[in-house]
Structure formats: C-alpha cells, structure tokens
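Report on the following structure.
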Amino acid sequence: MSLFYFVAFLSVFFSLLVIFSKNPVHSVLYLILTFFTFTIHYFLLNAQFLGIVNFIVYMGAILVLFLYTLMLMNLNTETEPVKSNLLKIIGVIGGGCLLVTLIASLKISGNTEPVILRDPNLGLVKNLGKVLFHQFLLPFEVSSILLLSAMVGAVLLAKKES
Amino acid sequence: MQHISNAIQTIPLNHYILLSAIIFSIGVMGVLIRRNAIVIFMSVELMLNSVNLLLTVFSIYRNDAAGQVFVFFVMALAAAEVAVGLAIIVMIYRNTNTIDINVLNRLKW
C-alpha cells in the first residue's frame, strides 16, 4: 500500500522537475523518469499490456524522438529566454486555481471506495486483444490510417523546400 | 504479479484522482510558464499521461476493459501528434532560427 504513495510522490516530484529545470535536455530526461513511474503504476494496477506499451511507445519511441530533435537542433543550451517573474507567478496561480477547483469538486463528490481488481485478467493481453479486435475493430483500422497520414504529414512538413 | 496487485487493493479511488489532478495541473503550469516550444510540448504529454492513468484506474474500478482499449488509442494518437508537432517545431526553427514562442506573434491582431 505504501508503495503506491512512494511511487506517486516520485511521479509528482519528477514532473515538477520537468517544468522547472532550465536545460531542455534535463527536462526530457526527467520526463522519461516520470513516465517510468507511470509504468510502475500500471503494473501495480495489473494493467500489464498498458505498462508494456507505455514503456515501449512512450519511453522508447516518443521521448527518444524529443531527445533527437533537441540534440539535432543543438538546443541544449541553458540560455533559454525566460518569461518575466510576474508572468511566471500568474501562470503558477492559474494552474493552482485549476488544481483547487478539481480538488474541491473531488471533495464534494465524496467517493472513498477503494479500487478493487475484481477480475485479475482484465489488463492482460489476451483479454484486451479480444475486446480490441471484436468491439473496436473499426477504430483500430482507422488509427492505422491516422498513423500513416501523420507520417506523411511529418515528412512533408520537415522536408526542406528545394 | 498477483501479490503485488493484491497489495494495491486498499488504495481509495480518491487518491488516484488526486494524483492525476496534481500531475495535470503541473502540465498546465508548464504550458503557462515556459517559453521553449519543446518544453511546452512535453508538458502537453504530461497532461495526456495523467489522463491515461485515470482512465486505466476507472477501467479497473468499473471492471470494464473498454477503458484500457481507449488508453491504447490515446497512445496511438499521441504518437501521431508528437510526429507532426515536432515536424512543425523543426520547420519553425528553420524559418526563424529560434523556438521561442514569443517570436510567433504574427497572427496577433
């Protein structure tokens, strides 16, 4: 039980470091650690498929893409122009207002039931594959078209005009 | 794996919602206070991930596998979004030689 609170603390700590570290490369590295703690959360919930996908797709592919872009553009300098302190304080207050609103609505709803894993096979590949390929077959195929069009669009955008 | 997930069964749903709300708010703050376009993009990823975690928790709470399938679709969407977004940022960098978002004010009236 205390493992969850420890991992949750690590998630919040690393995500704070993501937005407050000056060097963008350090931000990406802290984001990788944050996503690793999310993977641990998925495994604690016995959502093994999502844990593996989070590990491979997010930490392995997406963040490496971020890192490549940062390093290829040679942006790992600490001379990023910073916003004025007033704008920063206003931004933190705005985010804090959102957090307070969310917590207040959570308090009003007053739900204190525990999360119980009734079916241990719920998050396994076998069960999810059955749902994915019976109930959600059309969205699955459409998402492949989405990925193809995103790839074409990315190549078209990043290509130098000759 | 079974004994680990048995240990987690006493966590109230509230605490998961609280964790996701905190991380989502951190993402919003990151969008508001940073000027580097890539760091803003990373904050958006943080928000997407907190919502993913909450969807998974609700899927287990309601004992419904559709929530986890939805998370899978969100991850596929995020991959496409990152590819296009980073291509746009590379293009901006090539045209203006910076990724400071305050340079991009030409649409301002």
message: With n ≥ 4 as the cut-off for DSSP H runs, can you work out [θ] at 222 nm for chain A, using -39500 (n - 2.57) per run divided by the number of residues, rounded to the nearest 500?
response: -23000 deg cm²/dmol
message: Only counting other Cβ atoms within 10 Å, I'd like B:Ile92, B:Ile99 sorted with the fewest neighbours first.
response: B:Ile92, B:Ile99
query: P(r) tail for the stretch B:2-105, what percent of Cα pairs lie past 21 Å?
result: 49
- request: Mind running the shape call on the stretch B:35-92? Use the C-alpha gyration tensor, a ≥ b ≥ c as the square roots of the eigenvalues: rounded below 1.5 for a/c, prolate if a/b tops b/c, oblate otherwise.
  value: oblate
query: Rg to Rh for the stretch A:2-123: what is it, with Cα atoms only and Rh by Kirkwood?
result: 1.05
- prompt: Of chain B, which part is the longest with no trypsin sites (Lys or Arg not before Pro) in a loop (DSSP not H, G, I, E, B) and with at most 15 other C-beta atoms within 10 angstrom?
  reply: B:1-61
field: Computed [θ] at 222 nm, helices only, for chain B once each DSSP H run of length n ≥ 4 contributes -39500 (n - 2.57)
entry: -26500 deg cm²/dmol
message: Counting only pairs 8 or more residues apart or on different chains, how many lysine pairs in the protein assembly as shown have their Cα atoms under 28 Å apart?
response: 7
- prompt: What fraction of the Cα pairs in the protein assembly as shown, stated in percent, has a spacing above 28 angstrom?
  reply: 40
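FYI, it's all coordinate maths here, none of it is from the lab. Model, not experiment: these values are computed from the prediction. So basically every Cβ, Gly included, is an ideal-geometry build from the backbone, and we count neighbours across all protein chains shown.
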